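J.: Have a look at this one before I ask anything.
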Amino acid sequence: MTALPEIWSYLSREPLLWLTATLVAYLIGDQLSQRAGRNPLVNPVLVAMVLLGGLLWVTKTPYQTYFAGAQFVHFMLGPATVALALPLYVNRAQIRRALLPMVAALLAGSVTAIVSALWIARVLGIEGPVWLSLAPKSTTAPVAIGIAEQLGGLPTLTAALVILTGIIGAVIVTPLMRLMHIRDWRARGFAVGVAAHGIGTARAFQVNDTAGAFAGIGMGLNALLTAILAPYVVSLML
């Protein structure tokens, strides 16, 4: 037992440790989610966050040390975002048939996500870099971080807000859609993709393949539109 601190001190300096810990935490979260019947409250990402956060707290490991080892996962967010072009291509026929409603929903969802977050924060007295960090919260992490840097926000805070937004969206999307009697899987998927990016898209794929495909489309298009709109909305509100 006396050798454990020394062993941990050695292992904690190895980058592979934190990459492995990230993957194991997600696998545990996914197993728990399966055993819970894919209950939205038992979200694999949320479970992984709690497990990793607890591990970092118990071991007193700085976030910078963790990120140095787990940055490969962060790197893969870029290719994963680009890969969203695949569902866009596969479902191009359905997209053409529903193009106008999708464009209207995309504009409404993207503008609402940006304006509502900034307006509520302004009412609560939040200003400066923290305020700017809220603008891209509903888009996927790599794009959101880039937008935050461009606007002068805090990329780390933006990343945390993106994850929180995705988890909340993934948890409430199914009961909310049932409550609103929205049964069209295309509409359900597209809505959660626009509002809750990758985590919401993952949840949509768990529920229905069509919903997942349209969630991926909504996520990709919202990332593009938010990158264009966010600077203009921020400048107008300033």
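Readers should treat all values here as calculations from the given coordinates under stated rules, not as data from a laboratory. Keep in mind that what you see is a predicted model, and the values were worked out from it rather than measured. Positions of Cβ are generated from backbone atoms using ideal geometry, with glycine treated the same way; all protein chains shown enter the neighbour counts.
J.: Select from region 112-148 the residues that are among the β-branched types (Val, Ile, Thr), in a helix (DSSP H, G or I) and either under 14 Å from Met219 (Cα atoms) or over 19 Å from the mean Cα position of the chain (by Cα) (or both) and list them in ascending order.
T.: Within region 112-148, Ile120, Val123, Val143 qualify.
J.: Related question: Just for helices (runs of 4 or more DSSP H) wholly inside region 41-91: which have at least 1 residues that are closer than 19 Å to Ala213 by Cα and of a type in the set (Gly, Ala, Ser)?
T.: Working: elements: 44-59, 63-82, 85-90.
Here the list reads 63-82, 85-90.
J.: May I pose another question? What pairs can you find where one residue is in region 169-182 and more than 17 Å from Val194 (Cβ to Cβ), the other is surrounded by 14 or more Cβ atoms within 10 Å (Cβ to Cβ) and of a type outside the set (Val, Ile, Thr), and their Cβ atoms are less than 9 Å apart, with a gap of 6+ or different chains?
T.: Qualifying pairs under 9 Å: Pro175/Pro40.
J.: Please work out which residue is nearest to Val171 (Cα to Cα), limiting yourself to region 26-40 and to residues that are touching a Pro at 6+ places or on another chain (Cβ under 9 Å) and either in a loop (DSSP other than H, G, I, E, B) or among the hydrophobic types (A, V, I, L, M, F, W, C) (or both).
T.: Among those that are touching a Pro at 6+ places or on another chain (Cβ under 9 Å) and either in a loop (DSSP other than H, G, I, E, B) or among the hydrophobic types (A, V, I, L, M, F, W, C) (or both), it is Pro40.
J.: Kindly check whether there is at least one residue in region 214-224 that is within 10 Å of the chain's Cα centre (by Cα) and either assigned to a helix (DSSP H, G or I) or polar (S, T, N, Q) (or both).
T.: Yes, some residue in region 214-224 is within 10 Å of the chain's Cα centre (by Cα) and either assigned to a helix (DSSP H, G or I) or polar (S, T, N, Q) (or both).
J.: Now, a different point. Here are Thr210, Thr201: which of them is polar (S, T, N, Q), in a helix (DSSP H, G or I) and buried (at least 23 other Cβ atoms within 10 Å of the Cβ)?
T.: That would be Thr201, the only listed residue that is polar (S, T, N, Q), in a helix (DSSP H, G or I) and buried (at least 23 other Cβ atoms within 10 Å of the Cβ).
J.: Exactly one condition in (1) over 20 Å from Val82 (Cβ atoms); (2) in a helix (DSSP H, G or I); (3) touching a residue at least 24 places away in the same chain (Cβ under 8 Å) is not met by Gly153; state its number.
T.: Going through (1) over 20 Å from Val82 (Cβ atoms); (2) in a helix (DSSP H, G or I); (3) touching a residue at least 24 places away in the same chain (Cβ under 8 Å) one by one, Gly153 breaks only (2).
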